[in-house]
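Participant: My structure is below; once you've seen it, I'll send some questions.
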Amino acid sequence: MKRFAHLNARTLDEAVLYLRRYGGRAKIIAGGTDVLGRMKDEIVPTYPEALINIKTIPGLDFIEEREGSLKIGALTKLEDIARHPVIKAKFSALAEAARRTASPHIREMGTIAGNICQDIRCWYYRAPNNRFPCLRKGGGRCYAIEGDNRYHSIFGASVDGGCLAVHPSDIAPALIALDAKIRTSERKIKAEHFFEVGVCKTNVLEEDEIVTEIEISQPPVGSKSAFIKFAARETIDFPVVNCAATIVGSEGTVQAARICLNAVYLKPYRVTSAEQAIIGKTISDNSVEDAGIEAVRQAKPLARNTYMVQIARTLVKRAVLACG
Amino acid sequence: MKKDPKDQLSNYEYQFIGKPVPRHDAWDKVFGRTKYADDFDMPGMLFGKVLRSSYPAAKILSIDTSGAEKMPGVAAVLTAKDVPNNETVTRFGQTHQVGGFEGLYRVLADKKVRFMGEAVALVAAETEEIAEEALARIKVEYEQLPGVFDPLEAMNPDAYQVGEGDSNIICNYQVRKGDVKEGFSRSHVVVENTYRVPFVEHAFLEPESGIAWIDDSEIITIRVSTQVIEHFRDVADVLGIPHNKVRVIAPMVGGGFGSKEDITVETFLALLTWKTGKPVKMTWTREGSIISSSKRHPYVMKYKTGATRDGKLMAMEAQLISDAGAHVYLSPWVLLYSTVDATGPYDIPNVKVDSYTVLTNNTFTSANRGFGAPQVCFAYESQMDELARRLSLSPLEIRKRNYLRKGDALATGRVLEYGVETEKTAIKALEALGEPSMPSSPTEKIGQGLASGMMSYGRMTFLHDTSRSYVGIELDGSVTVRCGVQDIGGGQASSLASIAAEILGVPMEEIKVFIGDTALTPIAGTTTATRMLYMSGNATLKAATEVKKSLLPKAAEMLEASPEDLVFRDKKVFVRGAPARAIPLADVVKACAADGVQLYNVAQFNAPFRELIDFKTGQGQVFPDFTFGSHAVEVAVDTETGKVRVLKLVACYDVGQAINPLSAEGQIEGGALYGLGYALTEEVILDKGITLTPSFSEYLVPTSVDAPHVKTIMLESRDGAGPFGAKGIGEPSCNSIAPAVANAVANAIGARILDLPLTPEKILRSLQKL
């Protein structure tokens, strides 16, 4: 690793101040499970000059039910979310997404905000020592187009320039399915609008903006949520595809639905057409089959990832069924 | 000794052999007291680092080290021109020189780089950070070359030349038996398929590591994680100094699996310590290890197998092509193993095998647990199931009609003179597997699969393999064993303690085994080829027996009995049937010492020595003996996602005689999981020579959660070439698991996948969902 400054922020304002001072050349560190790996492997040519430690800011690690909402502090560990009785009972998609993230050690270190702000895992991008100077590093091209794209986007390239990487978070689709809001040092954003496709960016945060809290409204009566993950192994892995769904039902009929896939595109991919396919219907083998088909109707798989389309379709079906 | 196969844990007269006892080194490992290579520091030591190539194929136009050399704290920067003998010939661990197997061993890249990760320069510095920074300041000017990354392409005469020679084909072997044309014409069913298996990473816990220093008598001493302390010769040759000026010490090794059979850090360490005069330590990162050390060979295997209507094999034709990567290393040997094992444990009247190993600009390949056997096992066992399906025979039935038996000859003419219990292992494995489980959902399919395999233990007989062991008894009756084994975690040292304990009647706790030191322990050869128990076990057995013999006359005199009636047990000596009249062993030893009786013995065990086989016909003896076994597996396949879950896994092997059943079972369980990764998830993926899987988040080894319960069944024929009739189990234990899984998947989904690993993508494609 190269040398860098490590600054303990005592307040949110101080952290923001540090970020401004370094003007994009600093990174936030909390659990460190993503940022340190990125630095050790020297993935990107520009190395951060400083890490701003926010673990030293009090009052950011909590899970509370307040004012009709569930509030989760930015520094809350994934393991605490996975085990929390209220989250397990009422926001099961989130509890399950946390439980299926990484391994016990990483869940004990990694935070919910860190998880949604994490960098992508494309193996061309992450090859140590900048071995593939790809689009995201200011290089000329995306290596996955002609290379081994078995874990890349099935919904085409991102808007600006053709990066085929996918967003690796398990938490993100759960938050979108639960219609969560993300509070930052500046504003409150719907989870759905938090993730953004861009070169060198996976979210809308400004250089000096910090996620402080996740807020999820109490689920309406008759609602259920579920999260399903497909990965090569039973633990540790990033998803090949995952899917979260929330279904609001009344007298056996679906009133409202939010379904979100992830690891299929550079940002979490909400499949509204699949939602439309089941609204007004009962959850049955037939209706979920339609939802699955609709979810991947726009898929544009690459040479090596057609199988992901089949898996995405299956996970949509199973996530909806699990809400039945 | 009885020759009938006996079931597990049936032990006759032994006190220690066959008894499940914790290994003598187990507690130290559990409590973290074992000092592995990287746990050892020296005052004033420097840190060594390797600069690796930036390209898989390139000319080196110039190297400028001045920037690095100028840095404070940098003690040495070395490139090819600084290495006394940068190019030598690889004859790794080989004392008998035979032709046809040499490869170039180039310490540092010179003029041309052949693979990504090849060492170009070395640095020694006061801290790791300085060394790292120094690497960044070495300026290497490259001219990129096209390279070749597919072995089939590399075989073309006009292909890019990886090395300096005029062909990428390293070598070719042939086996010829009978007339395959005739055999196929008499077959009612002929199955033809092309199988592919990937690069595999060894994935040991402990990456390559060591420390070197010059001792007070000017000896370059290297304490290194290795399977072959005898590389001291190769290191001395590189430095151009006498062999006896280099000493290699192997501490407990945190896993080898074949990748520490080749030289890893030892030459680099020796050069840096020789240049600086200071101790130097070097430990590779995981990424450094994955991109630059050897891998298991990928193979393309064309198989054509024919059988009569009643399932009797008539002919087999196989073409094997292995990707040797960028340097020769052990590729010719690995290929020879595959060539001899290509027919599997079956009696086939007409056989034709043609095999090739080819240079490419991929990471070099060399030894990996199984050494060429698991690749062909995947092919021949898939073929057997396909024949069975076409003939409507059960997988067990077709195998039973073709298994080799003791006294039969392999296609190479070699007659099997030790126990061959393959059929029994298959029957027992299937019995234990039981009835298929019920699917847990309508989209799940259950399948069961069987595969048998054969793999040698002991090195190739034309290498004239030998081992030596010292056994001495101390005045208090405790026992010292000195044997130059490398213990790579398989219990190699502990099994020697069991053998000495058995012969001398001394409890395990009172046996001390000193291992792995070229200066202090008799040279015992490599911990490779599943040879250690066979070779050093026999040497230790011989030495311990000699020590006992030398004590017998005195003991007989003291007990007023005849020597043949004496029993050595519990550190006592007594007359058979009269343990009450026992005398302490220590008293006998003291009395012998007073009389000047020799209280130690150094014994040498020689494997059978044979001459080189005929490479055009394959006829001759290549191996001392084989271990036979079977795996039976049950899988559940999710037909909508392509996910395979292994529900049941049974491994059944004839181990000859389990010296310590706990260790043998550990090897069989470990082998099963090692093979399970090969079957389902493990694959080193390269994009034009660049590794896309340089860490364990991309290279997918089964985790504890993925591991099914492994049911182990050990048969003990007591009919092996090792001590007490033991056979070797380390490598054979992983042999047939991948084809068993593939056969179970084929059974579940009704379609056969010809490439490993069996990924969801391939399964969904076979199910025609894509």
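Rule-based calculations on the coordinates, nothing more; no lab input. Quick caveat, the model's predicted, so the values are computed rather than measured. Cβ atoms come from the backbone with ideal geometry, glycine included; neighbour counts cover every protein chain shown.
Participant: So for chain A, averaging the separation of alpha carbon pairs under 8 Å that are six or more residues apart and normalising by length, what relative contact order in percent results?
Facilitator: On the way: 757 pairs, mean separation 55.0, N = 324.
This gives 17 percent for chain A.
Participant: Reported to two decimal places, what Rg/Rh ratio describes the stretch B:396-526 when computed on Cα atoms with Rh from the Kirkwood expression?
Facilitator: My calculation puts Rg/Rh at 1.16.
Participant: Separate question: Using 1/(1 + (r/R0)^6) with R0 = 51 angstrom and r between the beta carbons of A:Glu49 and B:Ala26, what's the FRET efficiency to the nearest 0.05? Please list the in-between numbers first.
Facilitator: Numbers: r = 48 Å, r/R0 = 0.95.
After rounding, the FRET efficiency stands at 0.60.
Participant: How big is the charge dipole of the protein assembly as shown about its Cα centre, in debye rounded to the nearest 20, if each Lys and Arg gets +1 on its Cβ and each Asp and Glu gets -1 on its Cβ?
Facilitator: 1360 debye
Participant: Okay, next question. Taking DSSP loops as anything outside H, G, I, E and B, show the longest stretch in chain A free of trypsin sites (Lys or Arg not before Pro) there with at most 16 other beta carbons within 10 Å. Numbers along the way, then the final one.
Facilitator: Working: sites that count: A:Lys2, A:Arg3, A:Arg10, A:Arg25, A:Lys55, A:Arg187, A:Arg233, A:Lys281, A:Arg297, A:Arg304.
Excluding the exposed sites themselves, the longest stretch runs over A:56-186.
Participant: Let me ask something else about it. Please say if the stretch A:1-136 is rounded, prolate or oblate, where rounded means a/c under 1.5 for a ≥ b ≥ c the square roots of the C-alpha gyration tensor eigenvalues, and otherwise the choice is prolate for a/b larger than b/c and oblate otherwise? It would help to have the intermediate numbers written out before the result.
Facilitator: Working: a/c = 2.57, a/b = 1.43, b/c = 1.80.
Because a/c hits 1.5 or more and a/b fails to exceed b/c, the stretch A:1-136 counts as oblate.
Participant: Antiparallel versus total DSSP beta bridges in chain B: what percent is that, nearest 5?
Facilitator: Values: 108 of 137 bridges.
Expressed as a percentage, antiparallel bridges in chain B total about 80.
Participant: Same structure again: For chain B, rounded, prolate or oblate, judged on the Cα gyration tensor with a ≥ b ≥ c (square roots of eigenvalues), a/c < 1.5 rounded, else prolate if a/b > b/c?
Facilitator: Cα axes put chain B in the oblate bin.
Participant: Hey, got the dipole for the stretch B:506-652? About the Cα centre, +1 on K and R Cβ, -1 on D and E Cβ, debye to the nearest 20? All intermediate terms of the calculation are to be shown ahead of the outcome.
Facilitator: Details: 17 positive and 17 negative charges, 17 e Å.
Computed charge dipole of the stretch B:506-652: roughly 80 debye.
Participant: Once you list every other residue whose beta carbon is under 14 Å from the beta carbon of B:Lys112, what net charge do they have if Lys and Arg are +1 and Asp and Glu are -1?
Facilitator: Working: positive: B:Lys59, B:Arg106, B:Lys111, B:Arg114; negative: B:Glu87, B:Asp110, B:Glu118, B:Glu141, B:Glu143, B:Glu164.
Spelling it out: positives minus negatives among the neighbours equals -2.
Participant: Check the straight Cα-Cα distances from B:Lys35 and name the aspartates and glutamates below 19 Å, setting aside those fewer than 8 residues away within the same chain.
Facilitator: Straight-distance partners of B:Lys35: B:Asp25, B:Glu206, B:Glu208, B:Glu266, B:Asp487, B:Asp517.
Participant: Separate question: Near A:Ser223, within a Cβ-to-Cβ distance under 12 Å, what is the net charge of the other residues, with Lys and Arg +1 and Asp and Glu -1?
Facilitator: Values: positive: A:Lys90, A:Lys224, A:Arg258; negative: A:Asp179.
In short, +2.
Participant: Residue by residue through the stretch A:129-137, what is 3J(HN,Hα) from phi via Karplus (6.51 cos²θ - 1.76 cosθ + 1.60, θ = phi - 60°)? Round to whole Hz and write x for glycine and proline.
Facilitator: Those phi angles translate into 6, 6, 5, 10, x, 8, 3, 5, 10 Hz.
Participant: Taking θ = phi - 60°, what integer Hz values does the Karplus form 6.51 cos²θ - 1.76 cosθ + 1.60 yield along the stretch B:659-665, in sequence order, with x for Gly and Pro?
Facilitator: 5, 10, x, 5, 5, 4, 5
Participant: Still on this structure: Can you tell which of B:Thr627, B:Pro507, B:Val77 lies farthest toward the positive end of the dipole of the protein assembly as shown, using +1 and -1 charges on the Cβ of basic and acidic side chains (Lys, Arg; Asp, Glu)?
Facilitator: B:Thr627
Participant: Which of rounded, prolate or oblate describes chain A when judged by the alpha-carbon gyration tensor and an a/c cut-off of 1.5?
Facilitator: On the way: a/c = 2.06, a/b = 1.24, b/c = 1.67.
It comes out oblate by the Cα gyration axes.
Participant: Now for a separate question. B:Ile170's amide H: which non-local residues (gap 5+, or another chain) put their own amide H closer than 5 Å, with H modeled 1.01 Å from N in plane and none for Pro or chain starts?
Facilitator: Sorted by chain and number, the residues that satisfy this are B:Thr357, B:Val358, B:Leu359.
Participant: Using R₀ = 51 Å, calculate the FRET efficiency as 1/(1 + (r/R₀)^6) where r is the Cβ-Cβ separation of B:Phe615 and A:Leu36; round to 0.05.
Facilitator: 0.45
Participant: 222 nm [θ] for chain A, helices only, -39500 (n - 2.57) per DSSP H run of 4+, per residue, to 500? Write down the numbers at each step before the final one.
Facilitator: Numbers: 12 runs with 94 residues, N = 324.
That comes out to -7500 deg cm²/dmol.
Participant: Around B:Val358, what is the net charge, scoring Lys/Arg as +1 and Asp/Glu as -1 over all other residues with Cβ under 12 Å from its Cβ?
Facilitator: Numbers: positive: none; negative: B:Asp150, B:Glu153, B:Asp323.
So the surrounding residues net to -3.
Participant: Which links in B:Lys304/B:Lys688; A:Lys27/A:Lys224; B:Lys111/B:Lys275; B:Lys302/B:Lys769; A:Lys190/A:Lys229; A:Lys181/B:Lys643 stretch past 25 Å when you go from one Cα to the other?
Facilitator: Too far apart for the 25 Å limit: B:Lys304/B:Lys688; A:Lys27/A:Lys224; B:Lys302/B:Lys769; A:Lys181/B:Lys643.
Participant: Alpha carbon centre of the stretch B:604-625 versus the stretch A:1-35: separation in Å?
Facilitator: 65 Å
Participant: Rounded to whole Å, give me the distance from the Cα center of the stretch B:478-555 to that of the stretch B:302-373.
Facilitator: After rounding, the separation between the Cα centres reads 35 Å.
Participant: Add -39500 (n - 2.57) for each DSSP H run of 4 or more in chain B, then divide by its residues: what number comes out at 222 nm, to the nearest 500 deg cm²/dmol?
Facilitator: Details: 18 runs with 187 residues, N = 770.
Theoretical 222 nm ellipticity from helices: -7000 deg cm²/dmol.
Participant: Projecting each Cα onto the charge dipole of the protein assembly as shown (Lys/Arg +1, Asp/Glu -1 at the beta carbon, about the Cα centre), which of A:Pro168, A:Phe132, B:Ile220 comes out farthest on the positive side?
Facilitator: Positive-end residue among those listed: A:Pro168.
Participant: Among A:Cys200, A:Cys243, A:Cys260, which one shows the biggest mean-square fluctuation in a GNM of chain A, springs joining Cα atoms closer than 10 Å?
Facilitator: Most flexible of the set in this elastic network: A:Cys200.
Participant: Straight-line reach only, C-alpha to C-alpha below 18 angstrom: list the aspartates and glutamates that B:Lys548 could link to, leaving out same-chain residues fewer than 8 apart.
Facilitator: The qualifying aspartates and glutamates are B:Glu13, B:Glu474, B:Asp476, B:Glu502, B:Glu510, B:Glu557, B:Glu560, B:Glu564, B:Asp565, B:Asp570, B:Asp587, B:Asp595.
Participant: Per residue of B:281-293, how many C-beta atoms from partner chains lie within 10 Å of its own C-beta, taken as a mean? Could you put the intermediate results ahead of the total?
Facilitator: Working: counts 0, 0, 0, 0, 3, 0, 5, 1, 0, 0, 3, 0, 0.
So the per-residue partner count for this stretch is 1.
Participant: Could you order the peptides B:321-327, B:271-277, B:665-671 from most to least packed, using the average number of other C-beta atoms within 10 Å per residue?
Facilitator: Values: B:321-327: 26.4, B:271-277: 20.7, B:665-671: 22.4.
Those peptides, ordered most packed to least, come out B:321-327, B:665-671, B:271-277.
Participant: Among A:Leu175, A:Leu12, A:Leu78, which one shows the biggest mean-square fluctuation in a GNM of chain A, springs joining Cα atoms closer than 10 Å?
Facilitator: Looking only at A:Leu175, A:Leu12, A:Leu78, the biggest GNM fluctuation is shown by A:Leu12.
Participant: To continue, here is another question. Using alpha-carbon pairs under 8 Å, 6+ residues apart, how would you state the relative contact order of chain B in percent?
Facilitator: Working: 2058 pairs, mean separation 128.3, N = 770.
Dividing the mean separation by the residue count of chain B yields 17 percent.
Participant: If you don't mind, there's one more thing I want to ask. Show which lysines lie in cross-link reach of B:Lys549 when reach means a straight Cα distance below 20 angstrom and same-chain residues fewer than eight apart are skipped.
Facilitator: Hits, sequence-local ones excluded: B:Lys571, B:Lys572, B:Lys590.
Participant: While we're here: Using the alpha-carbon centroid of each, what span in Å lies between the stretch B:123-200 and the stretch A:184-260?
Facilitator: The distance from the Cα centre of the stretch B:123-200 to that of the stretch A:184-260 comes to 46 Å.
Participant: Within the stretch B:736-768, whose backbone N sits under 19 Å from a point 7 Å along Cα→Cβ of B:Glu397?
Facilitator: Backbone N within reach: B:744, B:747-748.
Participant: Which residue, A:Gly280, A:Gly110, A:Gly23, tops the fluctuation ranking in a GNM of chain A built on C-alpha contacts under 10 Å?
Facilitator: A:Gly23
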